[in-house]
Structures are given as structure tokens and as C-alpha cells.
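This report refers to the structure that appears directly beneath it.
The values are calculated or read from the model by the stated rules, or taken from the named source; none is laboratory data. Owing to the predicted nature of the structure, the values given are computational and were not obtained by experimental measurement. Cβ placement follows ideal geometry from the backbone for every residue including glycine, while neighbour counts extend to all protein chains displayed. Surface accessibility is based on the protein's heavy atoms, side chains included, excluding ligands, DNA and RNA. Shrake-Rupley method; radii C 1.70, N 1.55, O 1.52, S 1.80 Å.
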Amino acid sequence: MASTYNNLKDIEASSDHLILRIKVRVVKIWSLSPAEQKYVKPTLELVVMDYVGDRIQCTIRNAQRRLFEDELSEGKIYIVCNFSTSLNDQKYKATNHACRIYFKRDTQLQMVHDPSFSENVFRFVPNDLILNHTNAQSHLIDVIGLLTGKGDIIEFTKNGKKCSYIVLELDDMQGKGKIRCTLWEDFATMLVKHIEEQPTSEYIIIVQFAKFNLFKGAMGISNTNHNSILYINADFQEVKDFRKSVVMAGVPRANQLSQIAAEPAYSMEDDLINVSIYKPISELKASIENGSFVTIATVIAIDP
């Protein structure tokens, strides 16, 4: 398989002149619609993973979406060829690959069955790497951890819209620190409901496609609106293996969750960077959408 198909890690932005052929599993599919293009069909975004576990993001523009969307399903394996590549330089990235793939009208897509292809669709990042990460606006990651503390659901109003979140503490059992995890909206409700309806001695949490989140100088994670998936005590081999590490660490079976004190909904930095929608000046000038946005620019002059 390695000699027949190109590895995702070898794809570069200058690969357009090459004939590339990849075999990948679709990990996640979602739509992304620019707010100022309300009447345009949104782009289709994919994250795919090859047989060694590397990931890349794929974009299907709205003009080509109808050609591929009915053929694509999460979890399925596909052979893809005749696509273009570009730098993965957008503000929010679903992967840390330097490039992303763009489907073309004549891109070839074939679903295949391959029992030898890994079923594992996670790339877990340990807590110590999260705590030492410095760029809250970088790629999305997968996290697994034992729930050791939680707060209450906090509700507030922002721009006339009711919002809610809950703060958790996750331990990855590697002894290098616990991380803060903020779950927003339906994710917060889902966790609380699960704990109320399915009480147990421990809760092993997976947040797939989580974003880095900086709070009071400490890096943690939170869910995103479009990408993230929350799993609680899921029946995965990865969860079974993690539970063994909990037992080996001697964590008492009657795991008591510590109470996390209520804190402000978000800091000024969260409000400006992590919570508000980012738009470049060119998009703000053309936008017809009402709302609050954040942009980054250099001050050229100040009128008195």
C-alpha cells in the first residue's frame, strides 16, 4: 500500500505538477458558509487520514460540491486522485499539515474496502504538549482524559443571545499536569445529562477536533461549533486502553469529582480572539451581516 499511494506527509503545495494518488479514511465532514454569502451553497470541508495516521484537510468549493457530496461518508475509505494542493494558511486549521487539498471538477473519487486500513481515527495530544503550546489559534487536536473536576453550567447573554458553558478538568494519566476543558452549549448539556443518567465510578472523555484555548495564561482546550465531537465512556479500544492506565495509576474506583469554582464567562482576550468571529478587512467591507467581529490590522493614521 505504501508504494502504491502517496503518503499525506509528503504532499506539498508545489505538488500540482505531480500525479498524486492517496488512499484515506474520511474522519470528519462539515459545511462552512461565509456569512456574507448567504445565498451561496457552502463549501464542504473534510478531514482525511491515511494508513499511518497522518491527516490533511480537504475543501470542496460550492461549485463542485454537488459532484461529490452524495458519494462521501464519514468513516469510509476512498482512493482520491487528480486534485490540487495549496498552503494551509487560513486562520483556523483542522489539521497541522502545511497544505490542504482542493477537489477539482475532474477529481476522481472511488470508495474501497480495505480490512488492513487502521480503524483508529484519533491522534491524541498529551496534556504536557497542550500546556506548553503557545498559539491558541493553531490547528485542532484530539484529547483523551479522565474527568477529575467540573463546574456548574454557567449561562450568560452575549449580543442578545443566550450562551452556556461548563468547565472541566481532564487528567491524561501521564503525570505531567491536568488541563482545563471548556465545553460550550450542547456539549455542556450533553455531559451533564450523561452524568445524571449514567452515574459511574469514572468518566473518560474524548474531545475530537478540539481547539486550543488560552485562559488566564494557561493553555487548555474547548470545543468548536463546526468540528468537535464529544465521546463519554465510548466503547472504543482507545478508551479500554486508557481505563487500564487509570487502574495502573491506582485511581480509586469511587472517583470523586472536585468542584471547580465559577469564573467569568470569558476574559477580554477570549472575547476578542477566541469567542468573536474573525474577518479580514476585505470581508468586513463586503459583508452585509450584522454582528460583532474581530480583525487584525496595522494602524496607518489616526484622524484628530
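What number of residues within the range 84-101 satisfy the criterion of being farther than 13 Å from L8 by Cα and at pLDDT 95 or above?
Number of matching residues: 0.
In the range 199-246, what count of residues is obtained for those that are free of Cβ contacts under 8 Å to residues at least 60 places away in the same chain, assigned to a loop (DSSP other than H, G, I, E, B) and surrounded by fewer than 16 Cβ atoms within 10 Å (Cβ to Cβ)?
Qualifying residue count, the range 199-246: 8.
Regarding D152, is this residue under 30 Å from S201 (Cα atoms), assigned to a loop (DSSP other than H, G, I, E, B) and not aliphatic (A, V, I, L, M)?
Answer is yes for this residue.
Search the range 1-18 for residues that are at negative phi and open to solvent by less than 60 Å² (accessible area, probe 1.4 Å) and pair each with any residue that is at pLDDT 90 or above and among the small types (G, A, S) when their beta-carbon atoms are under 6 Å apart and the residues are at least 6 apart or on different chains.
A13/S86
In this structure, does L72 turn out to be among the hydrophobic types (A, V, I, L, M, F, W, C) and either buried (at least 16 other Cβ atoms within 10 Å of the Cβ) or modelled with pLDDT of 95 or more (or both)?
yes
Residues I179, I221: which one is under 25 Å from G250 (Cα atoms) and modelled with pLDDT of 95 or more?
I179 is the lone residue from the list that is under 25 Å from G250 (Cα atoms) and modelled with pLDDT of 95 or more.
Just checking, how many residues over the range 105-123 are open to solvent by 70 Å² or more (accessible area, probe 1.4 Å) and either aliphatic (A, V, I, L, M) or in contact with a helix residue (DSSP H, G or I) (Cβ under 9 Å, 6 or more places away or on another chain) (or both)?
Adding up the residues that qualify gives 3.
In the range 165-186, which residue that is out of contact with any Cys (no Cβ under 6 Å at 6 or more places or on another chain) and open to solvent by less than 20 Å² (accessible area, probe 1.4 Å) is farthest from S222 (Cα to Cα)?
Checking each candidate, the answer is D172.
Any residue at all in the range 205-219 that is of a type in the set (D, E, K, R) and either touching a strand residue (DSSP E or B) at 6+ places or on another chain (Cβ under 8 Å) or more than 25 Å from N132 (Cα to Cα) (or both)?
yes
Restricting to the range 44-81, name every residue that is within 20 Å of I11 (Cβ to Cβ), under 17 Å from the mean Cα position of the chain (by Cα) and of a type outside the set (A, V, I, L, M).
Once the filter is applied, which keeps residues that are within 20 Å of I11 (Cβ to Cβ), under 17 Å from the mean Cα position of the chain (by Cα) and of a type outside the set (A, V, I, L, M), the range 44-81 yields E45, G53, D54, R55, Q57, C58, T59.
Which residue pairs have Cβ atoms closer than 8 Å, lie 6 or more positions apart in sequence or on different chains, and pair a first residue in the range 93-108 that is of a type in the set (A, V, I, L, M) with a second residue that is part of a loop (DSSP other than H, G, I, E, B) and surrounded by 15 or more Cβ atoms within 10 Å (Cβ to Cβ)?
A94/H139; A94/L140; A94/N227; A98/N88; I101/I11; I101/F83
In the range 98-118, is there at least one residue being within 19 Å of the chain's Cα centre (by Cα) and farther than 18 Å from N6 by Cβ?
Scanning the range 98-118 turns up no residue that is within 19 Å of the chain's Cα centre (by Cα) and farther than 18 Å from N6 by Cβ.
Kindly list the number of the only condition in (1) open to solvent by 40 Å² or more (accessible area, probe 1.4 Å); (2) part of a strand (DSSP E or B); (3) touching a residue at least 12 places away in the same chain (Cβ under 8 Å); (4) of a type in the set (S, T, N, Q) that fails for T157.
Going through the list (1) open to solvent by 40 Å² or more (accessible area, probe 1.4 Å); (2) part of a strand (DSSP E or B); (3) touching a residue at least 12 places away in the same chain (Cβ under 8 Å); (4) of a type in the set (S, T, N, Q), T157 breaks only (3).
Among the residues in the range 269-276, are any modelled with pLDDT of 70 or more, surrounded by 16 or more Cβ atoms within 10 Å (Cβ to Cβ) and either more than 20 Å from the chain's Cα centre (by Cα) or of a type in the set (D, E, K, R) (or both)?
No, there is no match, as no residue in the range 269-276 is modelled with pLDDT of 70 or more, surrounded by 16 or more Cβ atoms within 10 Å (Cβ to Cβ) and either more than 20 Å from the chain's Cα centre (by Cα) or of a type in the set (D, E, K, R) (or both).
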